[in-house]
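**Q** This is the structure, below, for whatever I ask next.
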Amino acid sequence: RAKAAGKNRYHVFDREGDAPELERLRLENELREAAANGELELFYQPVYSLELGRAVGMEALLRWNHPRRGTMLPGQFIPMAEETGLIVPVGRWVLEEAVRQAREWERSLPAGAAPMVGVNLSLRQFQNPGLVEHVARLLRESGLDPSLLTLEITESVAMHDVPATVEILERLNAMGVWLVIDDFGTGNSSIAYVGSRFRMNHLKLDGTFVREFLDDPENPTILPGLIDFAHTVGLRVIAEGVETRGQFERLRELGCEFVQGYYVAPPLPAGEATKLLAGRIPLFGGEPPR
Ligand code: C2E
Ligand code: MG
Ligand code: MG
Ligand code: MG
């Protein structure tokens, strides 16, 4: 009887449509415990300054080392975390860990070599009333120079509730952290908005957008125009998703300030990022462009 019930259950759960839902519930419960179980990890991807010729930033990118599924990328669990609200505690863990690491780099690296550490914020996190105070507390308690922390929000997050965004960014700006508009080019926000109303510091051009327009002979002025306009309103430009030397060189010609992408370096575990910052692992896979 038990066996029959078990078998039946197996069939029910295995039916198409049911299993993914259960798996999702299971994942949700597991994510609740992931930070406490030590399964969350931040990788760091260098942000390269074309002006200085070295990595000046590290973007923190979340990984979940899941006991059954192996390493999971944000795309595999952030949407669920956002829908369930779990992104708030997970995001708090990310901020704390990123600030801890930033402070460790600030302490251990020679003056001037400490990178700005970038943290991605999703909608629920950004809207969470405790965010600003949490950032303030982490800065106070760690002693981290606020200019070594950058916060990234996407266009859609920024545009969700413009007056609220203006107020939150105002308060973060007053603390001295850097603000980045992420994935620019994928939504409908205007550069004028981003630069003046939101008082963002950096505009990060989305990777797909960069690659599409750099390689598109039909639209040769889109990217140059965008970069020029960003500069006009006081934004410095980061191009993300740069994969080839050709793209890198074009972006340099266009006056882009920073570049990020597999061509420069992939996201790295903290230990390797530390070696890279200390000059013990080369950028560009050891074959720098001239
Ligand atoms: P993002 O902030 O736009 O991050 C850039 C993504 O592009 C990263 O994916 C990175 O690994 C990938 N990437 C870097 N260089 C290249 C390249 O040359 N070519 C291509 N095709 N891709 C490249 P990842 O790590 O899977 O993260 C995906 C997204 O998940 C991030 O996009 C960000 O929106 C979100 N995310 C990551 N970590 C966190 C986090 O701690 N909190 C929140 N709320 N979101 C996060
Ligand atoms: Mg980002
Ligand atoms: Mg991005
Ligand atoms: Mg992107």
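The values are calculated or read from the model by the stated rules, or taken from the named source; none is laboratory data. In this text the structure is predicted, and so the values were computed from the model without any measurement. As a convention, Cβ positions derive from the backbone with ideal geometry for all residues, glycine included, and neighbour counts pool all protein chains shown. With ligands, DNA and RNA removed, areas are computed over all heavy atoms of the protein, side chains included. Shrake-Rupley method; radii C 1.70, N 1.55, O 1.52, S 1.80 Å.
**Q** List the relative contact order of the chain as a percent without decimals, with contacts defined as Cα pairs under 8 Å and 6+ residues apart.
**A** About 16 percent, as a whole number.
**Q** Once you have all Cα-Cα distances for region 85-224, histogram them in 10 Å bins from zero and send the whole-percent values.
**A** 11, 39, 32, 15, 3, 0
**Q** Taking GluC sites (Glu not before Pro) that fall in a DSSP loop and have at most 14 other Cβ atoms within 10 Å as cut points, what is the longest piece of the chain between them?
**A** 52-217
**Q** To continue, here is another question. In a solvent-free Debye calculation with one equal scatterer on each Cα, what is log10 I(q)/I(0) for the chain at q = 0.07, 0.08, 0.11, 0.12 Å⁻¹, listed in the order of the q values?
**A** The Debye formula, applied to the Cα set alone, gives -0.30, -0.38, -0.69, -0.81.
**Q** A further question follows. Give me the number: length gained by fully extending Glu212 to Ser49, i.e. 0.36 nm times residue separation minus the C-alpha to C-alpha distance, one decimal in nm.
**A** This chain segment gains 56.5 nm when fully extended.
**Q** Further, regarding this structure: Collect residues whose amide H, placed 1.01 Å from N in the peptide plane, falls under 5 Å from the amide H of Glu59; neighbours closer than 5 in sequence don't count.
**A** Here the answer is Gln45, Val47, Gly118, since their amide H atoms fall under 5 Å of that of Glu59.
**Q** Which translational diffusion coefficient, to the nearest whole µm²/s, is obtained for region 19-170 from the Stokes-Einstein equation, given a Kirkwood hydrodynamic radius over C-alpha pairs, 37 °C and 0.692 mPa s?
**A** Estimated diffusion coefficient is 198 µm²/s.
**Q** Using just the Cα positions, wrap region 245-290 in a convex hull and report its mean projected area in square nanometres, one decimal place.
**A** 3.5
**Q** Karplus couplings for region 141-158 from phi (6.51 cos²θ - 1.76 cosθ + 1.60, θ = phi - 60°), rounded to Hz, Gly and Pro as x?
**A** Result, rounded to whole Hz: 6, 8, x, 4, 4, x, 6, 9, 10, 10, 10, 10, 10, 7, 3, 5, 5, 4.
**Q** Still on this structure: Taking a 1.4 Å probe, which of Arg236, Arg107 shows the most accessible area, and what order do the others take after it?
**A** So, going from the largest accessible area down, we get Arg107, Arg236.
**Q** Now for a different question. Helix 2-14 versus the longest principal axis of the chain: what is the Cα-based angle in degrees, 0 to 90, to the nearest 10?
**A** 30
**Q** With a 1.4 Å probe and all protein chains left in place, how much accessible area per residue does region 137-290 have, in Å²?
**A** Each residue of region 137-290 exposes 46 Å² on average to a 1.4 Å probe.
**Q** For q = 0.11 Å⁻¹, what log10 I(q)/I(0) does region 55-127 give under the Debye formula with an equal point scatterer on each alpha carbon and no solvent?
**A** -0.34
**Q** Which length gain, in nm to one decimal place, applies between Glu83 and Thr221 when the Cα-Cα distance is subtracted from 0.36 nm times their residue separation?
**A** Contour length minus Cα-Cα distance gives 45.8 nm.
**Q** Projecting each Cα onto the charge dipole of the chain (Lys/Arg +1, Asp/Glu -1 at the beta carbon, about the Cα centre), which of Leu40, Leu251, His231 comes out farthest on the positive side?
**A** Leu40
**Q** Have a look at the DSSP beta bridges in the chain and tell me what percent are antiparallel, nearest 5.
**A** So the antiparallel bridges amount to about 45 percent of the total.
**Q** Moving on. So if the hydrodynamic radius of region 175-290 is defined as the Kirkwood radius over C-alpha pairs, what does Stokes-Einstein give as its diffusion coefficient at 10 °C and 1.306 mPa s, in µm² per second?
**A** Diffusion coefficient, whole number: 105 µm²/s.
**Q** Between region 73-125 and region 132-211, what's the alpha-carbon centroid distance in Å?
**A** Answer, in whole Å: 14.
**Q** Could you check how much of the accessible area of region 156-253 is carbon and sulfur, as a whole percent, using a 1.4 Å probe?
**A** Within region 156-253, the accessible surface is 50 percent carbon and sulfur.
**Q** Which ³J(HN,Hα) values in Hz, rounded to whole numbers, follow from the phi angles of region 215-224 under the Karplus curve 6.51 cos²θ - 1.76 cosθ + 1.60, where θ = phi - 60° and Gly and Pro get x?
**A** Working through the residues one at a time gives 9, 9, x, 6, 10, x, 9, 4, 5, x Hz.
**Q** Can you sort Lys275, Lys204 by 1.4 Å-probe accessible area, starting with the largest?
**A** Ranking Lys275, Lys204 by accessible area, largest first, yields Lys275, Lys204.
**Q** What's the carbon and sulfur percent of region 46-144's accessible surface, probe 1.4 angstrom, rounded to a whole number?
**A** Roughly 53 percent of what the probe reaches on region 46-144 is carbon or sulfur.
**Q** What nm distance separates the two modelled labels at Glu243 and Phe229, each placed 7 Å from Cα along Cα→Cβ?
**A** If labels sit at Glu243 and Phe229, their model points lie 2.6 nm apart.
**Q** For Leu50, which sequence-distant residues (separation of 5 or more, or a different chain) have an amide H within less than 5 Å of its own amide H, given hydrogens modelled in the peptide plane?
**A** Amide H to amide H, under 5 Å and 5 or more residues apart or across chains, Leu50 pairs with Phe258, Val259.
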